[in-house]
1. Please find, among 9, 3, the residue that is within 30 Å of residue 102 (Cα to Cα) and either in contact with a strand residue (DSSP E or B) (Cβ under 8 Å, 6 or more places away or on another chain) or at pLDDT below 90 (or both).
2. Please go through region 62-77 and pick out each residue that is part of a strand (DSSP E or B), touching a strand residue (DSSP E or B) at 6+ places or on another chain (Cβ under 7 Å) and more than 22 Å from residue 126 (Cβ to Cβ).
3. Would you call residue 200 under 20 Å from residue 120 (Cβ atoms) and under 19 Å from the mean Cα position of the chain (by Cα)?
4. Inspect region 183-191 for any residue being within 21 Å of the chain's Cα centre (by Cα) and not in a strand (DSSP E or B) and give the result as yes or no.
5. In region 234-242, is there at least one residue being within 17 Å of the chain's Cα centre (by Cα) and not in a loop (DSSP other than H, G, I, E, B)?
6. Is one or more of the residues making up region 69-78 farther than 19 Å from residue 232 by Cα, over 21 Å from the mean Cα position of the chain (by Cα) and touching a residue at least 24 places away in the same chain (Cβ under 8 Å)?
């Protein structure tokens with residue numbers, strides 16, 4: 001459900017060559033970018049069918065303090081002297097779904113769009129970048145919380161093509177899982193029993209890249225797959241445990 005590894009860029013270096021700007025976020029860095037992209041993701045929780053969304057892309061870093069990375073935004077509040085270790089606050093959009101779009105969810109209630117907010121940490125090392133975020137659903141959809149850990153490693157870095165690999169682990173509490181994967185008493189049917197989902201851990205692996213098509217324009221692309229936790233995968237609305245995600249975008253710099 002989370003798009004923390006999708007469509008995220010930062011601006012160029014700020015005079016500190018100890019920071020590897022290419023691996024600050026999952027997609028290799030560039031200048032501040034503004035454009036549009038298309039994402040493909042499951043229609044509902046655990047669905048084996050897909051929906052296509054057009055999304056604006058704003059990948060900007062202001063004063064090396066505030067940032068917008070597509071569906072994520074935040075502010076860094078505390079830094080180490082070399083800025084390789086940073087603490088701050090981050091907010092992230094989280095998509096819901098329309099119940100009528102899924103074969104196993106028809107007749108259920110829709111799951112609403114929401115926003116997570118919480119502390120974030122970035123630790124950049126010579127071996128890659130580690131990101132962590134503790135998110136609370138301040139949008140009031142699930143009222144749940146998640147803890148996400150991510151590792152980013154550069155795979156390809158040449159004049160035009162840059163590619164990063166990423167691996168992530170997400171722990172979701174019972175409120176989060178029950179909202180997106182549970183079946184309430186008013187949602188049961190002959191083929192869909194009631195289900196209460198407890199907390200669990202999901203895993204995600206992906207690749208993200210950028211390709212320069214001009215002096216000030218880039219094609220952005222990436223794909224990932226998430227392995228749902230047992231508590232999620234055992235839900236009667238889940239058709240497949242492996243949940244893919246992909247996107248393609250185009251941006252220009254200002």
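The values are calculated or read from the model by the stated rules, or taken from the named source; none is laboratory data. Not measured: the values here are computed from a predicted model. Virtual Cβ from ideal backbone geometry, glycine too; neighbours counted across all protein chains shown.
1. Working: 9 fails: within 30 Å of residue 102 (Cα to Cα).
None of the others qualify; the one that does is 3.
2. Residues of region 62-77 that are part of a strand (DSSP E or B), as a first pass: 62, 66-69, 72-77.
The next check asks that each one be touching a strand residue (DSSP E or B) at 6+ places or on another chain (Cβ under 7 Å); those that pass are 66-69, 72-77.
66, 67, 68, 69, 72, 73, 74, 75, 77 - these are the residues of region 62-77 that are part of a strand (DSSP E or B), touching a strand residue (DSSP E or B) at 6+ places or on another chain (Cβ under 7 Å) and more than 22 Å from residue 126 (Cβ to Cβ).
3. Details: under 20 Å from residue 120 (Cβ atoms): no; under 19 Å from the mean Cα position of the chain (by Cα): yes.
No; evaluated as a whole, the condition is false for this residue.
4. Taking region 183-191 and keeping what is within 21 Å of the chain's Cα centre (by Cα), we get none.
No, that holds for no residue.
5. Kept after step one, since they are within 17 Å of the chain's Cα centre (by Cα), are these residues of region 234-242: 242.
When the remaining residues are screened for being not in a loop (DSSP other than H, G, I, E, B), the result is 242.
The answer is yes, given that some residue of region 234-242 is within 17 Å of the chain's Cα centre (by Cα) and not in a loop (DSSP other than H, G, I, E, B).
6. If we filter region 69-78 for residues that are farther than 19 Å from residue 232 by Cα, which is where we start, we get 69-78.
Subset that is over 21 Å from the mean Cα position of the chain (by Cα): 77-78.
Subset that is touching a residue at least 24 places away in the same chain (Cβ under 8 Å): none.
No, the conditions are met nowhere in region 69-78.
Per-residue answers, yes or no, for (1) closer than 20 Å to residue 204 by Cα; (2) surrounded by fewer than 17 Cβ atoms within 10 Å (Cβ to Cβ); (3) modelled with pLDDT of 90 or more:
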| site | (1), (2), (3) |
| --- | --- |
| 31 | no, no, no |
| 45 | yes, no, yes |
| 54 | no, yes, yes |
| 75 | no, yes, yes |
| 110 | no, yes, yes |
